[in-house]
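Chemist: Would you mind keeping the following structure in view while I ask a few things?
The values are calculated or read from the model by the stated rules, or taken from the named source; none is laboratory data. Bear in mind that the values here come from a model prediction, so they are computed numbers and not experimental data. Cβ coordinates were reconstructed from backbone atoms using ideal geometry, including for glycine residues, and neighbour counts include every protein chain displayed.
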Amino acid sequence: DYTSAAMEWEKSFLDTVKQFADDHSGQFKVAYMAERSIEDELQREQSSDIPIIIVSYAAMFIYISVSLGPIHPLRHRVLLAFAGVLVVAASIVFSVGMLALIGVKASLFISEVIPFLTLAIGVDNMFLIVSRVDGCRGDMSAALAGVGGSVTLASLCEALAFFLGALTDMPAIRALCLFAGTAVLADWILQLTVFAACIHLSWLPRSENPPSKAIRGINIGLYIIMS
């Protein structure tokens, strides 16, 4: 494979020149570059941003856990908040996988922006759904009938705005808009299905039609953890 051989040669060249520059730093100021230098720098920057993304998601997770319900040793909503963050992460994974399948490549800019953008939109919808379900005392049909329209309209408008942005001739902006629009659509579907199901599980033990005795113990445990 000529490409792999060329990449290895460039790596050896960069290492050799870097060592020479370090050994003679007091005598020479060496500037050097190879064709793979830009790609190596992008990968290095991307790796350095991973801790920032992890800390940001952890901070958002703590904020959601505190805001979704009362601070109570048995009635907190830690796992419900965790489920909401996982739904957002799953929508990003779906977006990256689906677009990679059709040949749209991700870039450093996309990996830095999309997680925070999707998380901000997803958390907003998450609070709307949970607040409506709490107001309806766990009646999921009434809650989704009341808030589903607004969540759907907002998500579709946001996705449409991103897809319209993909009409630009700039490749980086086009890819960003495609990834963002796909992630917003995936997040909308997962929140009205998976996340709504998690909320329903947290309300089962205190609903008007409690579950049978065979599964009541499991549901009580889910209620303690997720509500």
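Chemist: Quick one: would you say Val85 is modelled with pLDDT of 80 or more and either within 30 Å of Leu117 (Cβ to Cβ) or touching an Asp or Glu at 6+ places or on another chain (Cβ under 7 Å) (or both)?
Modeler: Criteria met by Val85.
Chemist: Check region 157-168 and report whether any residue there is part of a helix (DSSP H, G or I) and under 22 Å from Ser65 (Cα atoms).
Modeler: no
Chemist: Scan region 202-210 and tell me whether some residue there is basic (Lys, Arg) and at pLDDT below 85.
Modeler: yes
Chemist: Let me ask something additional. Quick check on this structure: which one of Ser141, Ser111 is under 22 Å from Ala186 (Cβ atoms) and either in a helix (DSSP H, G or I) or in contact with a helix residue (DSSP H, G or I) (Cβ under 8 Å, 6 or more places away or on another chain) (or both)?
Modeler: Ser111
Chemist: Would you tally the residues in region 30-52 being under 16 Å from Ala89 (Cβ atoms) and modelled with pLDDT of 75 or more?
Modeler: 1
Chemist: Give the residues of region 155-176 that are touching a residue at least 24 places away in the same chain (Cβ under 8 Å) and surrounded by 16 or more Cβ atoms within 10 Å (Cβ to Cβ), sorted by residue number.
Modeler: Within region 155-176, Ser155, Glu158, Ala159, Ala175, Leu176 meet the criteria.
Chemist: Okay, moving on. Output the number of residues of region 132-157 satisfying the condition of being of a type in the set (Gly, Ala, Ser) and in contact with a Leu (Cβ under 9 Å, 6 or more places away or on another chain).
Modeler: Of the residues in region 132-157, 5 are of a type in the set (Gly, Ala, Ser) and in contact with a Leu (Cβ under 9 Å, 6 or more places away or on another chain).
Chemist: Then there is this: Looking at region 188-213, I want the residues that are in a loop (DSSP other than H, G, I, E, B) and have a partner that is at pLDDT 85 or above and surrounded by 19 or more Cβ atoms within 10 Å (Cβ to Cβ) with Cβ atoms under 9 Å, at least 6 apart or on another chain. Which pairs are those?
Modeler: Every condition considered, no pair remains.
Chemist: Which of the residues belonging to region 97-129 are buried (at least 18 other Cβ atoms within 10 Å of the Cβ) and modelled with pLDDT of 90 or more?
Modeler: Once the filter is applied, which keeps residues that are buried (at least 18 other Cβ atoms within 10 Å of the Cβ) and modelled with pLDDT of 90 or more, region 97-129 yields only Leu99.
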